[in-house]
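Worksheet for the structure shown next.
Quick note: the coordinates plus some simple rules give every number you see, no bench work behind them. As the structure is a prediction and not an experimental result, all values here were calculated from the model. Virtual Cβ from ideal backbone geometry, glycine too; neighbours counted across all protein chains shown.
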């Protein structure tokens with residue numbers, strides 16, 4: 001087995017680097033493109049029951065070297081219209097994780113069943129979008145509501161269920177523990193951090209929606225802290241997300257406790273070449289530091 005091969009909740013990935021939800025997830029062809037570029041798997045864009053246009057432009061802004069600020073409003077074609085995109089990616093041998101969002105536990109369960117029918121290997125519940133009213137972090141920041149959603153989905157599907165959690169909370173470990181207690185098979189963390197940019201000339205927020213979510217290098221320390229705290233609280237696998245740009249970033253997430261790693265902003269910046277860079281670089285780092293595989297490095301910083 002290759003040193004980078006990772007298995008989470010019974011699903012095997014050729015390397016720990018996954019395309020994050022929201023990047024290149026519009027079509028089956030773009031999901032396949034990420035896999036060809038070297039990703040170990042892909043997470044679809046977050047899909048709801050009905051088509052949703054999202055917010056008017058401007059919806060995304062680059063903030064120098066910090067990363068990207070966005071408030072898209074969860075635009076998506078709806079589960080029925082997106083089905084063919086998932087089927088196309090799966091037909092090409094892509095390891096697909098289906099991302100869904102809803103406003104109630106019942107809606108999450110219904111969407112998860114539809115994703116499972118399409119053949120995805122795992123389902124990621126978007127419980128953490130920071131800028132869509134009635135969805136995301138408005139549900140996921142409440143441990144009780146989060147638990148209700150996870151329990152409803154676990155009763156409805158047989159594939160592994162990942163809970164994607166928000167950093168916009170006072171107690172990350174509490175959310176992680178609630179997800180685990182409700183039956184989640186893995187925890188993805190983090191989603192974007194609630195943030196704001198103001199145009200000093202126009203004297204108004206840069207994004208149409210005002211508040212948005214920050215991704216990229218600036219949030220790496222926040223993502224690492226969430227994974228660190230969650231690792232000390234739960235026993236299920238963790239999927240690290242936030243500011244992973246270099247192999248060294250990836251190694252830090254492993255040491256903090258992550259087993260899989262989702263990459264988003266760096267993919268948007270590199271055109272996908274970052275997947276090979278990350279995989280080759282991480283393989284070398286593991287060898288240099290005396291680790292035989294990814295699993296041996298997971299959580300190693302806690303054992304020092």
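Summary table below
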| item | result |
| --- | --- |
| Burial ordering of 270, 112, fewest other beta-carbon atoms within 10 Å first | 270, 112 |
| Compactness of region 209-259, expressed as Rg and Dmax over alpha-carbon positions, Å | 11.8, 38 |
| The chain: radius of gyration over Cα atoms, expressed as a fraction of 2.2 N^0.38 Å | 0.92 |
| The chain: calculated mean residue ellipticity at 222 nm from DSSP helix runs of at least 4, using -39500 (n - 2.57) | -10500 deg cm²/dmol |
| Relative exposure of 165, 63, judged by other C-beta atoms within 10 Å (fewest first) | 63, 165 |
| Rg/Rg_ref, region 152-304, where Rg_ref = 2.2 N^0.38 Å and atoms are Cα | 1.14 |
| Selected from 41, 119, 134 as most flexible by GNM, with the chain as the system and alpha-carbon contacts under 10 Å | 134 |
| Sequence of 24, 228 once ranked by neighbouring C-beta atoms within 10 Å, starting from the fewest | 228, 24 |
| Most fluctuating residue given options 254, 31, 110, as computed from a GNM of the chain linking Cα atoms under 10 Å | 110 |
| Calculated log₁₀ intensity ratio I(q)/I(0) where the Debye formula runs over C-alpha points of region 29-93, q = 0.16, 0.21, 0.22 Å⁻¹ | -0.71, -0.97, -1.00 |
| Of 167, 221, 200, the one that fluctuates the most in a GNM where the chain has Cα springs shorter than 10 Å | 200 |
